[in-house]
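Down below is the structure, laid out as structure tokens.
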Amino acid sequence: MAEHMDHISKQFNEELHEARNKMLEMGGLVEQQVSKAITAIMSRDSELAIEVIESDKKVNDMEMLIDEECMLILARRQPAATDLRMVLTILRAVHDLERMGDEACKVAKAAEKLSSLGGIGRSYLEIKHIGEHVTRMVHDSLDAFARLDSQQAIAVAEEDRSVDLEYGTAMRSLVTYMMEDPRSISAVQEVLWSLRSLERVGDHANNIAEHVIYLVKGWDVRHTSVAEVVERLNK
């Protein structure tokens, strides 16, 4: 009986490990999507933009595969405590990753349009700055999950506040530019929508960071301020 239970436990651990690894693999693909989409719009590279858009099917397929595996684990193993939190975290994280991929595709489609419009006659500093923040957040949220690091997850949440502030400033700057040069309206609108998509990518990275805290600490911090979470961690 003991050998049978050990065998079941070993299989269960392998299933959890496999689901975790696939989620991180999906995260790597999405991280590339986001990075390439930013490069595409900065350089108005329509070929790279198309590559980002075409890669989205693989991301969607991975989400469905991981969802199915997690559902089977829940049905067969009925996990509890930390194991249950791991499965729920993976399910929530793959949803956020899929949404990140969708937002990266929106940026890529804007890059295609900007390529035909010929740009906006000014630099793309807003996309560059917010893009740097967001790509770092995506990487760090996945790294926090891989290492079960709640402190790094908090750092992601803190960076999300910086993205929100930069996003507000960028929107005001671009709207002003558009008013001053009506010829730029079509192109600037694409940049504005792209910035909105990048801000949403940051939101989803922040969600993954919150899932990590739930996994490691068992705390649901979705509606808790960063300051409150930091205080609780330091107690």
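Does a label point 7 Å from the Cα of Glu51, set along Cα-to-beta-carbon, have any residues of region 183-222 with amide nitrogen under 11 Å, and which are they?
Of the residues in region 183-222, none has backbone N under 11 Å from the label point off Glu51.
Could you check the spin-label model distance between Lys235 and Leu24? Points 7 Å from the Cα along Cα→Cβ, value in nm.
Taking the simple label geometry, Lys235 and Leu24 are separated by 3.1 nm.
Which whole-percent values make up P(r) of region 72-151 when all C-alpha to C-alpha distances are grouped in 10 Å steps starting at zero?
Binned Cα distances yield the sequence 14, 32, 26, 16, 9, 3.
Taking the Cα centre of the chain as origin and charging only Cβ (+1 Lys, Arg; -1 Asp, Glu), how large is the dipole, in debye to the nearest 20?
400 debye
Taking only the alpha-carbon atoms of region 175-223, what semi-axes of the equivalent ellipsoid follow from 5 times the gyration tensor eigenvalues under a square root, in whole Å, largest first?
Result for region 175-223: semi-axes of 38, 8, 5 Å.
May I ask you to derive the relative contact order of the chain, considering only C-alpha pairs under 8 Å and at least 6 residues apart, and to give it as an integer percent?
25 percent
Below 8 Å, C-alpha to C-alpha, sequence gap of six or more: please give me the relative contact order for region 1-117 in percent.
43 percent
Using a 1.4 Å probe, what is the accessible area per residue for region 1-81, in Å²?
Per residue, region 1-81 has an accessible area of 60 Å².
Just grab the label-to-label distance for Ser162 and Lys128, each label 7 Å out from Cα along the Cβ direction, in nm (one decimal).
Simple spin-label model gives 1.7 nm for this pair.
What is the Cα centroid distance between region 160-189 and region 57-75, reported in whole angstrom?
Comparing the Cα centres of region 160-189 and region 57-75, I get a distance of 38 Å.
Give the shape of the chain as rounded, prolate or oblate, defined through the alpha-carbon gyration tensor: a ≥ b ≥ c are the square roots of its eigenvalues, a/c under 1.5 means rounded, and otherwise the shape is prolate if a/b is larger than b/c and oblate if not.
Oblate, since a/c reaches 1.5 and b/c is not below a/b.
Work the Kirkwood hydrodynamic radius out for region 19-116: mean of 1/r over every pair of different alpha-carbon atoms, inverted, in Å.
Its Kirkwood hydrodynamic radius stands at 14.1 Å.
Taking θ as phi - 60°, what are the ³J(HN,Hα) couplings along region 148-154 by the Karplus curve (6.51, -1.76, 1.60), each to the nearest whole Hz, with x for Gly and Pro?
6, 10, 6, 5, 5, 4, 5
With all pairs of different alpha carbon atoms counted, what Kirkwood hydrodynamic radius in Å does region 144-235 show?
14.8 Å
The values are calculated or read from the model by the stated rules, or taken from the named source; none is laboratory data. Worth saying up front: this structure is predicted, and the values here are computed from it rather than measured. For neighbour counting, all protein chains shown are included, and Cβ atoms are generated from backbone atoms with ideal geometry for every residue, glycine included. When the accessible area is computed, the model is the full protein with side chains, heavy atoms only, and any ligands, DNA or RNA have been set aside. Shrake-Rupley method; radii C 1.70, N 1.55, O 1.52, S 1.80 Å.
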